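Worksheet: one structure, shown below.
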Amino acid sequence: MPNRGDLPAGFRWGVSTAAYQIEGAVAEDGRGPSVWDVFCERPGAVKGGESGRIACDHYHRYGEDVELMRGLGVDGYRFSIAWPRIQPTGSGPANPAGLAFYDRLVDALLAAGITPLPTLFHWDLPQALEDGGGWLARDTAYRFAEYAELALDRLGDRVPAWITLNEPFVHMVFGYALGIHAPGRALMLDALPAAHHQLLGHGLAAGLLRERGHQVLIANNFTPVRPASEAPADVAAAEAYDALHNRLFTDPLLRGRYPDLSAYGVTPDLGGSVRPGDLELIAAAGLDGLGVNYYNPTRIAAPTEPGGLPFAEAEIDGVPRTAFGWPVVPDGLRELLLGLRTRYGNALPPITITENGCSTDATLDDGFRIDYLATHLDALAQAHAQGIDVRGYYTWSLIDNVEWAEGTSQRFGLVHVDFDTQRRTPKASYAWYRDLIATHRARQRGWAAGPRRP
Ligand code: IFM
């Protein structure tokens with residue numbers, strides 16, 4: 001059975017983070033407020049009343065964090081650019097001090113031999129744009145493309161590849177449908193225009209980035225969906241949920257159309273937001289790679305209560321759980337990648353795992369995380385052996401950080417952060433990941449030298 005030692009030569013190892021979760025310095029150097037700054041002030045919105053105001057203070061300590069990455073030996077670092085640092089009100093000229101921060105970060109990464117992989121939008125929309133409707137407003141898509149161009153103009157000489165959006169599904173559902181993330185709108189299915197406008201923004205930005213010779217990915221959250229039983233109502237609910245979670249943001253990119261969401265009463269124009277030419281633009285922009293964020297599968301049953309959500313989530317029993325309570329099912333990653341290939345065939349671009357990891361309560365001795373990572377990487381190697389073109393793996397996350405509405409209570413880092421002192425301490429998983437990368441590289445050198453003589 002193939003295992004992580006069999007991942008291909010040239011495979012890229014990395015770590016992931018996001019601006020609001022680590023940077024802090026929310027009012028420094030002209031950064032404008034984001035939807036998350038405002039949302040965190042709502043009583044009860046975030047556990048313990050926490051926020052990203054200081055977070056990991058990465059804005060000031062990025063040098064130390066780059067050194068941690070150098071120590072790991074990663075090839076790449078996936079971080080996100082805070083839109084409100086570049087355009088404090090979401091439009092107009094760039095804020096030079098905001099761009100300068102990412103300039104310094106990119107230079108420090110390159111000096112450490114690490115390729116920067118920025119995500120342009122990881123949920124921290126400038127509040128001024130939210131005041132105008134946020135992603136429910138078509139205009140936000142055009143503003144996003146303008147912002148992307150400002151980032152490209154400044155960093156494009158050193159950044160080869162970009163991720164446009166992070167998990168637009170999660171952002172739409174948690175932020176606009178359920179209101180448990182910023183901007184805290186609870187519109188249920190009326191949130192769907194926020195899906196289309198994010199994709200339109202992706203298409204506009206991807207078009208210009210690729211025109212200028214850059215590579216473009218999008219990072220979607222995927223989950224293999226299993227029906228809770230063979231009962232036709234559960235099977236139908238699972239199929240509908242699969243279309244919503246896994247296909248809403250991938251079908252338009254790879255097939256040029258939205259999936260059928262009529263089971264939810266959704267019209268093909270997503271609540272009137274799709275205009276003629278939009279789907280063509282989104283598909284024509286093209287993708288150089290698909291970013292896959294994988295954490296766990298989902299078990300879906302038919303809804304039990306009339307008038308509530310159009311599906312019910314069922315427990316997955318008999319497997320370990322992370323501190324978050326998420327079921328640990330490594331083979332779900334292989335299943336999901338093979339499923340994507342079956343669904344999209346030759347239209348499926350090369351895959352990069354842009355997030356995978358777990359929260360644990362262990363402070364430094366995080367054997368649970370090592371098992372999680374090892375077994376998921378084995379599943380990835382098995383998917384590769386079954387023909388999936390997988391190019392890299394960026395674990396979530398480099399350091400413990402602000403886990404959105406959970407505050408700092410869920411720790412995903414290879415490096416422990418003491419949020420009182422900002423002291424960083426590598427966990428056991430840090431050493432494990434470092435050794436894995438070094439071993440893989442050593443094997444590659446062996447491969448390059450040709451087969452070993454007996
Ligand atoms: O922390 C998040 C990240 O911002 C997006 N993907 C899932 C991670 C863990 O919940």
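The values are calculated or read from the model by the stated rules, or taken from the named source; none is laboratory data. Here the structure is a predicted model, which means the values were calculated and not measured. Reconstructed Cβ throughout: ideal geometry from the backbone, glycine too, with neighbour counts over all protein chains shown. When the accessible area is computed, the model is the full protein with side chains, heavy atoms only, and any ligands, DNA or RNA have been set aside. Shrake-Rupley method; radii C 1.70, N 1.55, O 1.52, S 1.80 Å.
Going by what's in this entry, would Ala94 be described as within 16 Å of the ligand (Cβ to nearest atom) and part of a loop (DSSP other than H, G, I, E, B)? Reasoning before the result, please.
Details: within 16 Å of the ligand (Cβ to nearest atom): no; part of a loop (DSSP other than H, G, I, E, B): yes.
When the stated conditions are applied, Ala94 does not pass them.
Among the residues of region 122-175, write down those that are farther than 15 Å from Pro193 by Cβ, of a type in the set (A, V, I, L, M) and outside any strand (DSSP E or B).
Ala128, Ala145, Ala148, Leu150, Ala151, Leu152, Leu155, Val159, Val170
Going by the conditions given, is Leu68 within 25 Å of Gly289 (Cβ to Cβ) and not polar (S, T, N, Q)?
Working: within 25 Å of Gly289 (Cβ to Cβ): no; not polar (S, T, N, Q): yes.
Against the criterion (within 25 Å of Gly289 (Cβ to Cβ) and not polar (S, T, N, Q)), Leu68 does not qualify.
For (1) farther than 16 Å from Pro297 by Cα; (2) in contact with a helix residue (DSSP H, G or I) (Cβ under 8 Å, 6 or more places away or on another chain), each residue gets a yes or a no:
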site: Pro327; (1), (2): no, no
site: Leu348; (1), (2): yes, yes
site: Ile353; (1), (2): no, yes
site: Cys358; (1), (2): no, yes
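Within region 411-449, track down each residue that is open to solvent by less than 30 Å² (accessible area, probe 1.4 Å), aliphatic (A, V, I, L, M) and more than 17 Å from Phe368 (Cα to Cα).
Val417, Ile437
Being acidic (Asp, Glu) and open to solvent by 30 Å² or more (accessible area, probe 1.4 Å) is the filter here; which residues of region 35-68 pass it? If you could, list the steps in order and put the result at the bottom.
Pass one, region 35-68, residues acidic (Asp, Glu): 37, 41, 50, 57, 64-65, 67.
Across region 35-68, the qualifying residues are Glu41, Glu50, Glu64, Glu67.
Can you name the residue in region 216-266 that is touching a His at 6+ places or on another chain (Cβ under 9 Å) and open to solvent by less than 10 Å² (accessible area, probe 1.4 Å) and, of all such residues, is farthest from Glu280 (Cα to Cα)? Reasoning before the result, please.
The first filter runs over region 216-266 and keeps only residues touching a His at 6+ places or on another chain (Cβ under 9 Å), leaving 216, 218-219, 221-223, 225, 249, 252-253, 258.
Restricting the remaining residues to those that are open to solvent by less than 10 Å² (accessible area, probe 1.4 Å) gives 216, 218-219, 222-223, 249, 252.
On the way: Val216: 17, Ile218: 17, Ala219: 20, Phe222: 24, Thr223: 26, Phe249: 14, Pro252: 9 Å.
So, considering only residues that are touching a His at 6+ places or on another chain (Cβ under 9 Å) and open to solvent by less than 10 Å² (accessible area, probe 1.4 Å), the one farthest from Glu280 (Cα to Cα) is Thr223.
Within region 12-34, count every residue that is farther than 12 Å from Ala55 by Cβ and either among the basic types (Lys, Arg) or open to solvent by 10 Å² or more (accessible area, probe 1.4 Å) (or both).
Here is the first cut: in region 12-34, the ones farther than 12 Å from Ala55 by Cβ are 12-16, 27-34.
If we keep only those that are either among the basic types (Lys, Arg) or open to solvent by 10 Å² or more (accessible area, probe 1.4 Å) (or both) too, we end up with 12, 27-31, 33.
Count: 7.
Quickly run through region 417-434 and pick out the residues that are within 26 Å of Glu41 (Cα to Cα) and either within 16 Å of the ligand (Cβ to nearest atom) or assigned to a loop (DSSP other than H, G, I, E, B) (or both).
Across region 417-434, the qualifying residues are Val417, Phe419, Asp420, Thr421, Gln422.
Conditions first: (1) at pLDDT 95 or above; (2) within 22 Å of Ala177 (Cβ to Cβ). Thr304 passes all but one, so which condition is the exception?
(1)
So is Tyr59 out of contact with any strand residue (DSSP E or B) (no Cβ under 8 Å at 6 or more places or on another chain), at pLDDT 95 or above, within 19 Å of Ala112 (Cα to Cα) and among the aromatic types (Phe, Trp, Tyr) or not? First the steps, then the outcome.
On the way: out of contact with any strand residue (DSSP E or B) (no Cβ under 8 Å at 6 or more places or on another chain): yes; at pLDDT 95 or above: yes; within 19 Å of Ala112 (Cα to Cα): yes; among the aromatic types (Phe, Trp, Tyr): yes.
Criteria met by Tyr59.
Across region 335-351, what is the number of residues that are open to solvent by 20 Å² or more (accessible area, probe 1.4 Å) and under 19 Å from Trp13 (Cβ atoms)? Before the answer, list the steps.
Of the residues in region 335-351, the ones open to solvent by 20 Å² or more (accessible area, probe 1.4 Å) are 335, 338-339, 341-343, 345-348, 350.
Filter again for under 19 Å from Trp13 (Cβ atoms), leaving 350.
Residues in region 335-351 being open to solvent by 20 Å² or more (accessible area, probe 1.4 Å) and under 19 Å from Trp13 (Cβ atoms): 1 in total.
State which residue is surrounded by the fewest Cβ atoms within 10 Å (Cβ to Cβ) when the search covers only region 352-369 and only residues that are more than 17 Å from the chain's Cα centre (by Cα) and within 16 Å of the ligand (Cβ to nearest atom).
So the first thing to find is which residues in region 352-369 are more than 17 Å from the chain's Cα centre (by Cα), and the list is 360-369.
From what's left, within 16 Å of the ligand (Cβ to nearest atom): 360-361, 366, 368-369.
Details: Thr360: 22, Asp361: 11, Asp366: 23, Phe368: 20, Arg369: 26.
Top of the filtered list is Asp361.
Name the pairs: first residue in region 149-174 and under 16 Å from Ala18 (Cα atoms) and at pLDDT 95 or above, second residue open to solvent by 20 Å² or more (accessible area, probe 1.4 Å) and away from the ligand (no atom under 13 Å from the Cβ), Cβ to Cβ under 7 Å, at least 6 apart or on different chains?
Within 7 Å, the pairs are Trp162/His214.
Identify, please: which residue in region 377-399 is within 16 Å of the ligand (Cβ to nearest atom) and not in a loop (DSSP other than H, G, I, E, B) and is, among those, surrounded by the fewest Cβ atoms within 10 Å (Cβ to Cβ)? Reasoning before the result, please.
Just the residues of region 377-399 that are within 16 Å of the ligand (Cβ to nearest atom), to begin with: 393-399.
This time we only want the ones that are not in a loop (DSSP other than H, G, I, E, B), so: 393-396, 399.
Numbers: Tyr393: 28, Tyr394: 28, Thr395: 28, Trp396: 24, Ile399: 27.
Per the stated criteria, the residue is Trp396.
Please identify the pairs in which a residue from region 102-113 that is touching a residue at least 24 places away in the same chain (Cβ under 8 Å) has its Cβ atom under 7 Å from the Cβ atom of a residue that is open to solvent by 20 Å² or more (accessible area, probe 1.4 Å), counting only partners at least 6 apart or on another chain.
Pairs that qualify, where the first residue is touching a residue at least 24 places away in the same chain (Cβ under 8 Å) and the partner is open to solvent by 20 Å² or more (accessible area, probe 1.4 Å), are Asp103/Arg154; Leu105/Tyr62; Val106/Arg158; Ala108/Tyr62; Ala108/Gly63; Leu110/Arg158; Ala112/Arg70.
Give the residues of region 321-334 that are charged (D, E, K, R) and surrounded by 16 or more Cβ atoms within 10 Å (Cβ to Cβ), sorted by residue number. Spell out the reasoning first.
Residues of region 321-334 that are charged (D, E, K, R), as a first pass: 321, 331, 334.
Listed by number, the list holds a single entry, Arg334.
Starting from residues that are under 20 Å from Ala25 (Cα atoms) and more than 16 Å from the ligand (Cβ to nearest atom), keep the ones in region 110-138 and report whichever is surrounded by the most Cβ atoms within 10 Å (Cβ to Cβ). Lay out the reasoning, then the answer.
Residues of region 110-138 under 20 Å from Ala25 (Cα atoms): 118-128.
Among the residues that remain, those that are also more than 16 Å from the ligand (Cβ to nearest atom) are: 126-128.
Numbers: Pro126: 28, Gln127: 22, Ala128: 18.
Among them, the one singled out is Pro126.
Can you spot a residue in region 23-33 that is in contact with a Gly (Cβ under 7 Å, 6 or more places away or on another chain), assigned to a strand (DSSP E or B) and of a type in the set (D, E, K, R)?
no
Checking the condition within 16 Å of the ligand (Cβ to nearest atom) and either out of contact with any Phe, Trp or Tyr (no Cβ under 6 Å at 6 or more places or on another chain) or under 28 Å from Cys40 (Cβ atoms) (or both), which residue from Phe144, Phe79, Phe101 passes? Lay out the reasoning, then the answer.
Numbers: Phe144 fails: within 16 Å of the ligand (Cβ to nearest atom); Phe101 fails: within 16 Å of the ligand (Cβ to nearest atom).
Answer to the selection: Phe79.
If a residue has to be within 11 Å of the ligand (Cβ to nearest atom) and open to solvent by 20 Å² or more (accessible area, probe 1.4 Å) to count, how many in region 400-410 make the cut?
3
Tell me the residue from Arg424, Arg434 that is within 25 Å of the chain's Cα centre (by Cα), at pLDDT 95 or above and under 20 Å from Leu377 (Cβ atoms), please.
Details: Arg424 fails: under 20 Å from Leu377 (Cβ atoms).
Of Arg424, Arg434, the one residue that is within 25 Å of the chain's Cα centre (by Cα), at pLDDT 95 or above and under 20 Å from Leu377 (Cβ atoms) is Arg434.
Looking at region 291-298, can you tell me whether even one residue there is buried (at least 19 other Cβ atoms within 10 Å of the Cβ) and more than 16 Å from the ligand (Cβ to nearest atom)? Please lay out each step first, then the result.
We begin by selecting, within region 291-298, every residue buried (at least 19 other Cβ atoms within 10 Å of the Cβ); these are 291-298.
Among the residues that remain, those that are also more than 16 Å from the ligand (Cβ to nearest atom) are: none.
Within region 291-298 (the criterion being buried (at least 19 other Cβ atoms within 10 Å of the Cβ) and more than 16 Å from the ligand (Cβ to nearest atom)), the answer is no, since none of the residues qualifies.
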